[in-house]
Structures are given as structure tokens and as C-alpha cells.
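Below you'll find the structure, written out as C-alpha cells, and then a few comments.
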Amino acid sequence: MRFRPQTIVTALLLGLIAQQSLAENDLIPSLERDHDVCPDRPPEPEWMQQIQLREAYQRVLVQDIYRAQNMERIVATGECTCSIRFPAWDEAVSTFHANYADAERWSMLEASDSYNHRANNLRPEAMAICEAAGNW
């Protein structure tokens, strides 16, 4: 039985591609998060994880509210325990429902931007406090 050179080259390429695909599987990040700092963080509320992709801006807004509130709390108290840096999501969820749950998409996007600015402005000060506490 005689093989044509093209057949041999094709077989070799397919073998290399299959081997590369298996190696790439080891590089795919996991959706599970292991945190070095404050590993016992409260999980996001279930309803946030169930939000449809088209409405993901709602989840992002709650996350931005949470982050801003946490930065504000760190700076206000001058402390960075895990419970201060990563509290339960109740306050952020409550703020979302009280102020934005019925808002239009563009309004939520503007609010998200505003909370991001607040958090980013406080970040250097909060970071210094948390680094000193070993929680950054």
C-alpha cells in the first residue's frame, strides 16, 4: 500500500492540531474563582447570575454599586477587614431596587459610570488601607 505525500502531510497536520487542542484545554480559565484575599466572600445573589445576556447591564450596575459602596466603607472606617471589603450584597441590591430597577437601560448605564467614577476616585486611598491590612 502506497501513500501519497499529500495524505501523509494532511495526517500529520491533523495529528498536530488534535494535540494542540488537547494542550489548549489546560489553558482555558475556569469559571470558579479562587481568591487569594478574603476567600470567603459572599456570592452574588442567585438572581444576578440568572440575568439574561441582553440585560447584563443590570448585573453590572449592581456590581458597580457594590464596589463603590465597599470603597466608601473602607475609606470611611479606615479599616479593611474582609467583612468591610466584601460584605453581603444586601445594601447594593437594595440601592439598585430602590433607585434603578425600573429605569431605562441608558439610565442604568449612566449610573454604572457614575458608581465607577466614585469607586475609582476612592481606590488609591482604599488600596493603601487594605494593603496595610494585608487584604489587597
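The values are calculated or read from the model by the stated rules, or taken from the named source; none is laboratory data. Please read these numbers as outputs of a predicted model, since none were measured by experiment. When we count neighbours, we look across all protein chains shown, and the Cβ atoms used for this are built from the backbone with ideal geometry, even at glycine. These area figures cover heavy atoms from the full protein model, side chains too; ligands, DNA and RNA do not enter into them. Shrake-Rupley method; radii C 1.70, N 1.55, O 1.52, S 1.80 Å.
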**Item:** Accessible area of the stretch 28-112 divided out per residue, in Å², using a probe of 1.4 angstrom
**Value:** 66 Å²
**Asked** Label 7 Å along Cα→Cβ of Leu109; the stretch 31-69 residues with amide nitrogen under 17 Å?
**Response** 53-62, 64
**Prompt:** Which ³J(HN,Hα) values in Hz, rounded to whole numbers, follow from the phi angles of the stretch 118-123 under the Karplus curve 6.51 cos²θ - 1.76 cosθ + 1.60, where θ = phi - 60° and Gly and Pro get x?
**Reply:** 4, 5, 5, 5, 8, 3
**Histogram of C-alpha separations across the stretch 77-136, 5 Å bin width, %** = 4, 17, 18, 21, 18, 13, 8, 2, 0
**Of all accessible heavy-atom area on the stretch 35-113, the percent that carbon and sulfur account for (1.4 Å)** = 47 percent
**Prompt:** Taking the stretch 101-134, which GluC sites (Glu not before Pro) meet the DSSP loop condition and have no more than 15 other C-beta atoms within 10 Å?
**Reply:** Glu104
**Item:** Spin-label pair Gln52/Asp40, simplified geometry with 7 Å Cα→Cβ offset, distance in nm
**Value:** 3.9 nm
**Asked** When the C-alpha atoms of the stretch 45-88 are aligned to their principal axes, what extent does each axis show, in angstrom, from largest down?
**Response** 38, 15, 8
**Additional length obtainable on full extension of the chain from Asn99 to Asn121, 0.36 nm per residue less Cα span** = 5.7 nm
